[in-house]
1. Of all GluC sites (Glu not before Pro) in region 25-77, which ones are in loop regions per DSSP and have a Cβ with at most 14 other Cβ atoms within 10 Å?
2. What are the ³J(HN,Hα) couplings of region 92-102, residue after residue, when phi is run through the Karplus curve with 6.51, -1.76, 1.60 and θ = phi - 60°? Round to Hz, x for glycine and proline.
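Every read-out reported here was derived from the displayed coordinates using simple, explicitly stated rules and does not represent laboratory data. From a predicted model like this one, the values you see are computed outputs, not experimental measurements. Virtual Cβ from ideal backbone geometry, glycine too; neighbours counted across all protein chains shown.
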Amino acid sequence: VRKRGQLALLSCCQRYAGATAHVIPELMVLLEDKGTEAAGHEQMMLGCAVLLQTRFVQSKVVRDWGLLSYFLRALCMSDHNDKDSVIDALDGLFATFLSYWYQVSLDMPKYKKWSSPEQSTIGIKAFEGYDALLTSLVHIPNKTSSGSVMHWRYRLMVMDAVTAMIRDDVATPLVVWSSLLEGMVSDVSHLRETCYPAVASALELIQTVHNSKDPENLDEKRFPDKGSKHHAGSPPFQVTNAYSWSVRALCVTPAYTKSVQENLMAFLQNDVWLDKMIGYLCVIQLARPKC
């Protein structure tokens, strides 16, 4: 019955003008429904996750920053759903979003005027900017619905969303740096596995100078000394994406780089954080299953 209804609803959205602007927000507001003990709530959430995973809906989400911001916040704040079947469905929904996500321009015009549901506590608002979106995401684990510690799968969802949103044409907010550095010493191994490469990528994106060796002897480029790779790194390569370097130079200012360095030094000077980091790095060096 649900499958037939889902197909009919998608068909109506494609056929009738204005239906999409009303249906998609109404589907997303179901993620905020905290009546987990109500009859049929589990089936309603499963059906909602299936509809939101469709190509039709996801193609609208990734093309509108206002709708995207509402979708991510509503999904990451749905920690009141504690049933395994619902969590698995929401995990699948988030994985589907990541498969459709690509870095669109921040100047992307508003795709459609969405109708914000009255019962929504978040609401579809005008896009407040890249910094506001990432800041709201990293603060979600501190605003759990029950006041307790957020389930690790939802915390992982938040970190994955933040990592996917990091881009090279806008400076990453410092609060995101702090959140990623704290995640590197989390007691949840999955969070650490996410934060380690995220910090490495963020560090790479603030590099505005190409530091690969550039020997004057062209024969060294054609026939590099294989023995030197152990102490001097890989042979140099020619930078082909000069546009990304020019974009980084505009957003990564010396003042921003200095603030990032101060943030990193604050964590490195924290004995508690440093002890945990050394302990986890030792586990990695021992090649154990979990980092």
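1. Numbers: sites: 26, 32, 37, 42; in loops: 37.
Taking region 25-77 and a limit of 14 other Cβ atoms within 10 Å, the loop GluC sites (Glu not before Pro) found are 37.
2. x, 5, 5, 5, 5, 4, 4, 5, 8, 6, 8
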